[in-house]
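The values are calculated or read from the model by the stated rules, or taken from the named source; none is laboratory data. None of the values given here were measured: they were computed from a predicted structure. A quick note on method: Cβ atoms are made from the backbone with ideal geometry, for glycine too, and the neighbour counts reach across all protein chains shown. For accessibility, only protein heavy atoms count, side chains too; no ligands or nucleic acids. Shrake-Rupley method; radii C 1.70, N 1.55, O 1.52, S 1.80 Å.
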Amino acid sequence: MQLITCPWCGPREENEFRYGGQAGLEYPADPAALDDEQWARFVFFRDNPEGAFAERWCHDAGCRRWLRAVRDTRTYVFAETRPYGSFPRRSARPERSA
């Protein structure tokens, strides 16, 4: 069983957590200004790197707090976990072309 270290509860089994997607995405400052393609990119397009990847997880069966983790997508090993908000945010880049 994979263990994830909750910053508040310590190491817990993975089945206590819920995956929340890519971490660090910032909601568009003016969502009404986005066209359909830009909005679809913000909602559905996410990075898919090979290696370290920042993710959001929620400790649903424990403290119910959100945390951010860096996980290696090749090995599934969690390199670090921190309380939500402790990693720098970045733009969702809705202007990126296909």
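In the full protein context, the chain carries 64 Å² of accessible surface per residue, based on a 1.4 Å probe and ignoring ligands, DNA and RNA.
Along the chain, counting only trypsin sites (Lys or Arg not before Pro) with a DSSP assignment other than H, G, I, E or B and at most 16 other Cβ atoms inside a 10 Å radius, the longest segment between sites is 1-45. Highest mobility in the GNM of the chain, judged by mean-square fluctuation with C-alpha springs under 10 Å and restricted to ALA54, ALA32, ALA40, is found for ALA32.
Please flag any cysteine in the chain that has no other cysteine's Cβ under 4.7 angstrom from its own Cβ. Cysteines lacking a close Cβ partner in the chain: CYS58, CYS63. State the antiparallel share, in %, of DSSP beta bridges confined to the chain, rounding to the nearest 5. Once the DSSP bridges in the chain are tallied, antiparallel ones form about 90 percent. Working from label points 7 Å from Cα in the Cα-to-Cβ sense, the TYR84 to GLN2 distance is 2.0 nm. The Cβ shell under 12 Å around GLU80 holds other residues with a net charge of +1, Lys and Arg each +1, Asp and Glu each -1. The Rg/Rh ratio for the chain is 1.03, where Rg is the radius of gyration of the alpha carbons and Rh is the Kirkwood radius. Would you compute, from DSSP H runs of 4+ residues alone, the mean residue ellipticity of the chain at 222 nm, taking -39500 (n - 2.57) per run and dividing by the full residue count, rounded to the nearest 500? Using -39500 (n - 2.57) per qualifying helix, the result is -2500 deg cm²/dmol. Let me have the relative contact order for the chain, percent, based on Cα pairs under 8 Å that are six or more residues apart. Once divided by the residue count of the chain, the mean separation gives 32 percent.
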